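Contents: one structure, followed by commentary.
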Amino acid sequence: MDEIKKIALVIPSLHAGGMERVMSELLNEFSKDKTLEIHLILYGITREIFYSVPENVTIHKPSFEFKNKYRLFYTLKTLIFLRRQIIKIAPKSILSFGERWNSFVLIACWGLKYPIYVSDRCQPNKSLGKLHNWLRNKLYPKAKGVIAQTEKGKAIFEKMYKHTNIQVIGNPIRQITSEKKIDKEKIVLTVGRLINTKHHDELIRLFVEINDPNWKLIIVGDDALKQKNRSKLERLIKELRAEDKVFLVGSQKEVEPFYLKSKIFAFTSSSEGFPNVIGEAMSAGLPVVAFDCMSGPSDMIANEKNGYLIELFNYESFKKHLQILMSDESLRLKLGLNAAESIQEFTIDEISKKYKKMILE
């Protein structure tokens, strides 16, 4: 009989977001392995669970509420909670997600024998501020391994951390398919939190400028990072008199129907680690128009073969190529078929195998 191996997956919360979705998908894949005993530790301020967690995964959360009024006290209390849980579990390996949070995990486990693997989930050269940058540079070399999401990310990490075990593992991309035929509509879709770096306001403006009455823009996602952009976007839509063209539908547990009934995916984000939503859209057979930001889109999109990579912040070019797709159905179908085929290298099964190999072998 195979030895049962304990692993601890550590993340602040499982709220709606790209990093959290990847963690939930890894949990689901790992849970199928009968040789693994899986522990999920949620230690953030809210510890929210948006995504489903398999029944055979043990969830650990602090019993106390985090009170921002006494931030230092509760930060230390959380640090102690995390350390005690790790010691209690005694895992063979620890996998931590979150660029600002990985340092917290490494501090909590300081001096313990358990190997820790960390993965930043944001744009690899993004500054997190003096304190967090200093912590990462000091603490990441203490990790057993560092996971980069792209080759560009690995090259940057090698310069930043001088670590000898940095490996590239892309995100697992859910395959968005349907057994029954779904009638597609003339929808330009985008999916992502309503945060400044997604530039939803600019996407709304350029879509309205195209002014094709047969098409509508649907934005899936809601407020995050205390930026309160939903109300700003609602005002913009009203100012542009686009209430019948642009729709904010909020966070959705079931995003698949939106992918399946749409015809184009548009992504104006300027800062990414590895944007899952691009891969999901491609798996659903959607051609993608996206900015060629620092990390992620270029690992999935081959320009003019399965979508369009646009020079960062060149909104005129973005609008031009979006309009080309909106007006040419045969081109949409051709690029969409290529997209669905090329994204197969990022299936959940293949990516989860790479994670298990790294953190267990």
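The values are calculated or read from the model by the stated rules, or taken from the named source; none is laboratory data. Predicted model only: the values in this text are computed from it and were never measured. Neighbour counts are summed over all protein chains in view; Cβ atoms, including those assigned to glycine, are modelled from backbone coordinates with ideal geometry. Quick note on the areas: whole protein, heavy atoms, side chains included, nothing else; ligands and nucleic acids left out. Shrake-Rupley method; radii C 1.70, N 1.55, O 1.52, S 1.80 Å.
Brief remarks follow.
- Scanning region 84-137 for residues that are surrounded by 18 or more Cβ atoms within 10 Å (Cβ to Cβ), modelled with pLDDT under 90 and not hydrophobic (A, V, I, L, M, F, W, C) returns 99, 120, 121, 123, 124.
- Residues of region 206-227 that turn out to be in contact (Cβ under 8 Å) with a residue 40 or more places away in the chain and open to solvent by 60 Å² or more (accessible area, probe 1.4 Å), as a count: 1
- Meeting the requirement of 1 or more residues that are at positive phi, the strands (runs of 3 or more DSSP E) wholly within region 155-263 are 246-250.
- Against the conditions (1) of a type in the set (Val, Ile, Thr); (2) closer than 30 Å to residue 35 by Cα; (3) without any contact (Cβ under 8 Å) to a residue 24 or more places away in the chain, residue 348 satisfies every one except (3).
- Condition check for residue 320: surrounded by fewer than 17 Cβ atoms within 10 Å (Cβ to Cβ) and farther than 20 Å from residue 150 by Cβ: yes
- Check on residue 280, open to solvent by less than 10 Å² (accessible area, probe 1.4 Å) and of a type in the set (D, E, K, R): yes
- Answer from 346, 313 - the residue that is of a type in the set (Phe, Trp, Tyr), surrounded by fewer than 24 Cβ atoms within 10 Å (Cβ to Cβ) and farther than 26 Å from residue 253 by Cα: 313
- Answer residue from region 1-43, given it is assigned to a strand (DSSP E or B) and open to solvent by 40 Å² or more (accessible area, probe 1.4 Å) and is nearest to residue 81 (Cα to Cα) among those: 6
- Positions within region 66-91 being in a loop (DSSP other than H, G, I, E, B) and over 22 Å from residue 39 (Cβ atoms), in sequence order: 67
- Taking residues in region 112-132 that are within 16 Å of residue 82 (Cα to Cα), and partners anywhere that are assigned to a loop (DSSP other than H, G, I, E, B) and open to solvent by 60 Å² or more (accessible area, probe 1.4 Å), the pairs with Cβ atoms closer than 7 Å and at least 6 places apart or on different chains are 115/144; 116/144; 117/144.
- Some residue of region 17-30 being over 18 Å from the mean Cα position of the chain (by Cα) and closer than 25 Å to residue 254 by Cα: yes
- Test: residue in region 331-348 that is part of a loop (DSSP other than H, G, I, E, B) and more than 24 Å from residue 145 (Cβ to Cβ): no
- Residues of region 27-54 satisfying the condition of being over 25 Å from residue 66 (Cβ atoms), in contact with a strand residue (DSSP E or B) (Cβ under 7 Å, 6 or more places away or on another chain) and not small (Gly, Ala, Ser): 30, 35, 36, 37
- Scanning region 298-307 for residues that are buried (at least 24 other Cβ atoms within 10 Å of the Cβ) and not hydrophobic (A, V, I, L, M, F, W, C) returns a single hit, 307.
- Being more than 15 Å from residue 279 (Cα to Cα), among the aromatic types (Phe, Trp, Tyr) and part of a loop (DSSP other than H, G, I, E, B) is not true of residue 318.
Each row is one residue, and each column tells you yes or no for (1) out of contact with any strand residue (DSSP E or B) (no Cβ under 7 Å at 6 or more places or on another chain); (2) over 21 Å from residue 347 (Cβ atoms); (3) free of Cβ contacts under 8 Å to residues at least 60 places away in the same chain.
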position	(1), (2), (3)
248	no, yes, yes
263	no, yes, no
269	no, yes, no
281	no, no, no
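- So residue 106, is it over 26 Å from the mean Cα position of the chain (by Cα) and outside any strand (DSSP E or B): no
- Members of region 228-244 that are in contact with a strand residue (DSSP E or B) (Cβ under 7 Å, 6 or more places away or on another chain) and either modelled with pLDDT under 95 or open to solvent by less than 50 Å² (accessible area, probe 1.4 Å) (or both): 229, 233, 237
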